[in-house]
Each structure stands twice: as C-alpha cells, then as structure tokens.
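Peer 1: Pasting a structure here, questions to come.
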Amino acid sequence: KFWILDPLWIDKKFKKKTQTPMLKDISYIICRSGLDKNSIVVEGGTGSGFSAYVFSQFVKKVYTHEIREDHYEFAKQNNGKFILRFED
C-alpha cells in the first residue's frame with residue numbers, strides 16, 4: 001500500500017526561486033532551539049522568504065536580511081500571499 005497526498009497549501013502558493021529548507025528541517029530547528037511565542041529570530045539570507053514565513057508563525061518577531069536585490073524583491077512578491085512585513 002501507498003498514499004498519494006496533495007501538496008500542502010504552502011507548497012502550492014509559495015513561489016520558490018531560491019533553495020528553501022524543508023518543513024521537517026525547520027520544525028527540527030524550532031524544536032531543538034527552544035523557540036517559542038516570545039522568541040525573536042534573526043535570519044541571514046531571506047531568499048524567497050519561506051523560512052521567515054514559517055518562523056513567523058511560531059515566534060514573536062523575525063528579522064531577516066538579504067543583500068541581493070533580486071531575492072529581496074522576489075520575497076516581497078510572496079508577501080502578497082502571506083503575512084510578512086518588509087521594510088526598505
């Protein structure tokens with residue numbers, strides 16, 4: 001027997017231009033590091049904004065920094081589908 005599952009809604013809607021960590025890996029980081037609703041995450045390399053989005057569902061605030069303008073703009077485009085705030 002085997003199961004055929006539909007992709008998660010986040011996999012369908014979140015456009016990925018850069019390499020993104022898998023949800024199982026982000027979940028491991030959250031559990032292992034002890035992040036909670038009072039935590040503040042600082043991320044280097046926004047990429048598509050995927051990690052920032054997932055972390056933002058569990059912590060108080062996420063700061064993410066991206067030096068590449070094209071990645072920054074791409075992450076801002078994903079912002080229309082998800083709740084993220086980008087500051088120029």
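The values are calculated or read from the model by the stated rules, or taken from the named source; none is laboratory data. Here the structure is a predicted model, which is why all the values come from computation and not from measurement. Ideal geometry is used to build each Cβ from the backbone, glycine not excepted, and the neighbour counts take in all protein chains shown. Quick note on the areas: whole protein, heavy atoms, side chains included, nothing else; ligands and nucleic acids left out. Shrake-Rupley method; radii C 1.70, N 1.55, O 1.52, S 1.80 Å.
Peer 1: Across region 1-46, what is the total count of residues that are at pLDDT 85 or above, over 17 Å from N78 (Cα atoms), open to solvent by less than 100 Å² (accessible area, probe 1.4 Å) and part of a loop (DSSP other than H, G, I, E, B)?
Peer 2: Count: 4.
Peer 1: Moving on. With (1) of a type outside the set (D, E); (2) surrounded by fewer than 15 Cβ atoms within 10 Å (Cβ to Cβ); (3) assigned to a strand (DSSP E or B) as the list, and V62 as the residue in question, which single condition is left unmet?
Peer 2: Tallying (1) of a type outside the set (D, E); (2) surrounded by fewer than 15 Cβ atoms within 10 Å (Cβ to Cβ); (3) assigned to a strand (DSSP E or B), V62 fails exactly one: (2).
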